[in-house]
Number of protein chains: 2
Amino acid sequence: MSTSAPQSGTIRPTDDEARALARSLIDRARFAALAVLVEGRPMVSRVAFATAPDGAPISLVSDLALHTRALRSAPQCSLLVGEPGVRGDPLTHPRLTLQCSAGFTGHDNPQFPALRDHYLTVQPKAKLYVDFADFSFVIFTIEKAFLNGGFGRAFILEAGDLTKKGAP
Amino acid sequence: MSTSAPQSGTIRPTDDEARALARSLIDRARFAALAVLVEGRPMVSRVAFATAPDGAPISLVSDLALHTRALRSAPQCSLLVGEPGVRGDPLTHPRLTLQCSAGFTGHDNPQFPALRDHYLTVQPKAKLYVDFADFSFVIFTIEKAFLNGGFGRAFILEAGDLTKKGAP
């Protein structure tokens with residue numbers, strides 16, 4: 001028994017239930033904790049969160065934010081999704097740690113308009129600032145994931161385990 | 001305007017309102033996102049959270065967890081506290097990023113029993129595992145903090161700004 005995730009002691013074999021749970025944590029998330037490197041140190045902050053049409057995690061970030069500048073100089077990062085409800089023990093609530101590499105899609109990228117329109121269907125309030133010059137999309141390429149489905153239910157997932165069904 | 005914290009573009013002068021908000025985010029938190037370094041990469045996971053009698057952030061972690069072993073080899077870390085409610089835009093909800101150094105208090109430490117009893121008043125469900133041999137307390141020494149009180153309300157705080165009033 002442990003309060004913590006990801007586990008290393010008792011990893012279960014990945015099964016379809018774990019894959020589906022992990023994918024649902026990604027698909028439902030509207031914000032995430034993002035860990036980046038700042039001067040060689042880890043730093044965690046909150047970012048908006050959604051998925052691209054192909055299922056990749058994305059965020060919309062401002063160049064004014066420290067984490068944006070951190071990602072531009074060191075794209076390796078980590079995301080935590082899966083928010084506890086208001087009741088019960090938050091550590092029994094499933095959560096997913098993603099190890100990712102971050103790439104940027106700015107206003108000058110031909111893919112920006114389509115991504116913008118898609119994002120606004122999920123995060124409609126971002127319409128207020130998505131067109132500001134300092135905002136860009138970050139697309140996170142998942143390299144590995146750690147799923148904690150609650151006490152004693154830890155899994156290590158590969159990128160292929162998290163592929164969105166029916167993704168374009 | 002920005003979706004992100006911490007900001008670097010428009011930092012406000014720290015005032016008592018910012019100090020009180022930051023302190024309340026620490027005092028109310030019962031879990032946190034913890035960012036550590038694993039093989040030189042940032043990794044974020046969820047941990048239990050409380051404060052010691054002197055106001056220092058603490059957690060109870062298992063040696064089986066990857067983040068525990070990471071902290072033992074690289075104590076510099078970061079915590080995010082301040083959970084959005086179920087309604088409204090999560091990025092308008094105040095949150096606090098802490099830059100910390102982690103120290104351990106294990107069962108063999110003379111301060112363990114007092115810390116244990118205090119912790120269980122805040123996290124009573126931890127009684128199930130606090131006495132397991134693989135569990136230790138982590139005490140986080142705050143070095144710096146980034147407060148995002150909502151759009152356009154960003155502050156950089158020093159450790160002295162977060163001292164608990166009336167702490168022993």
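The values are calculated or read from the model by the stated rules, or taken from the named source; none is laboratory data. What you see is a predicted model, and the numbers here were worked out from it, not measured in a lab. FYI the Cβ positions are ideal-geometry reconstructions off the backbone, even for glycines, and counts take in every protein chain you see.
If you check B:H118, B:H93, which single one turns out to be in contact (Cβ under 8 Å) with a residue 12 or more places away in the chain and under 29 Å from B:F132 (Cα atoms)?
B:H118 is the lone residue from the list that is in contact (Cβ under 8 Å) with a residue 12 or more places away in the chain and under 29 Å from B:F132 (Cα atoms).
Scan the stretch A:152-166 and tell me whether some residue there is in a loop (DSSP other than H, G, I, E, B) and of a type in the set (S, T, Y). Walk me through it before giving the result.
Here is the first cut: in the stretch A:152-166, the residues in a loop (DSSP other than H, G, I, E, B) are A:152-153, A:163-166.
Add one more test, that the residue is of a type in the set (S, T, Y), and what stays is A:163.
There is at least one residue in the stretch A:152-166 that is in a loop (DSSP other than H, G, I, E, B) and of a type in the set (S, T, Y).
So, A:F140, is that one under 29 Å from A:D161 (Cβ atoms) and buried (at least 23 other Cβ atoms within 10 Å of the Cβ) or not?
Criteria met by A:F140.
Of the conditions (1) more than 11 Å from chain B (Cβ to nearest Cβ); (2) surrounded by 23 or more Cβ atoms within 10 Å (Cβ to Cβ); (3) not aromatic (F, W, Y), A:N109 fails just one. Which one is it?
(2)
Filter the stretch B:14-32 down to residues that are buried (at least 19 other Cβ atoms within 10 Å of the Cβ) and small (G, A, S) and give me whichever is nearest to A:H93 (Cα to Cα).
Out of the qualifying residues, it is B:A32.
Can B:A20 be described as in contact with a Phe, Trp or Tyr (Cβ under 9 Å, 6 or more places away or on another chain), at pLDDT 95 or above and more than 7 Å from every other protein chain (Cβ to nearest Cβ)?
Working: in contact with a Phe, Trp or Tyr (Cβ under 9 Å, 6 or more places away or on another chain): no; at pLDDT 95 or above: yes; more than 7 Å from every other protein chain (Cβ to nearest Cβ): yes.
Here the answer is no, as B:A20 does not meet what is asked.
What is the residue count in the stretch A:49-83 for residues that are closer than 22 Å to A:R23 by Cβ and either of a type in the set (A, V, I, L, M) or more than 7 Å from chain B (Cβ to nearest Cβ) (or both)?
Count: 17.
Does B:G166 satisfy the condition of being over 19 Å from the mean Cα position of the chain (by Cα), under 30 Å from B:D16 (Cβ atoms) and surrounded by fewer than 18 Cβ atoms within 10 Å (Cβ to Cβ)?
In short, yes.
Could you check how many residues of the stretch B:72-130 are touching a Pro at 6+ places or on another chain (Cβ under 7 Å), modelled with pLDDT of 95 or more, more than 15 Å from B:T51 (Cβ to Cβ) and assigned to a helix (DSSP H, G or I)?
Going through the stretch B:72-130 one residue at a time, the tally reaches 0.
Please verify whether A:R116 is facing chain B (nearest Cβ under 10 Å) and farther than 26 Å from B:G85 by Cβ, treating the condition exactly as stated.
no
B:R41 passes all but one of (1) facing chain A (nearest Cβ under 7 Å); (2) of a type outside the set (S, T, N, Q); (3) in contact with a helix residue (DSSP H, G or I) (Cβ under 8 Å, 6 or more places away or on another chain); which number fails?
Condition (3) is where B:R41 drops out.
In the stretch B:151-163, how many are within 14 Å of chain A (Cβ to nearest Cβ) and surrounded by fewer than 14 Cβ atoms within 10 Å (Cβ to Cβ)?
Looking only at that region, the number is 1.
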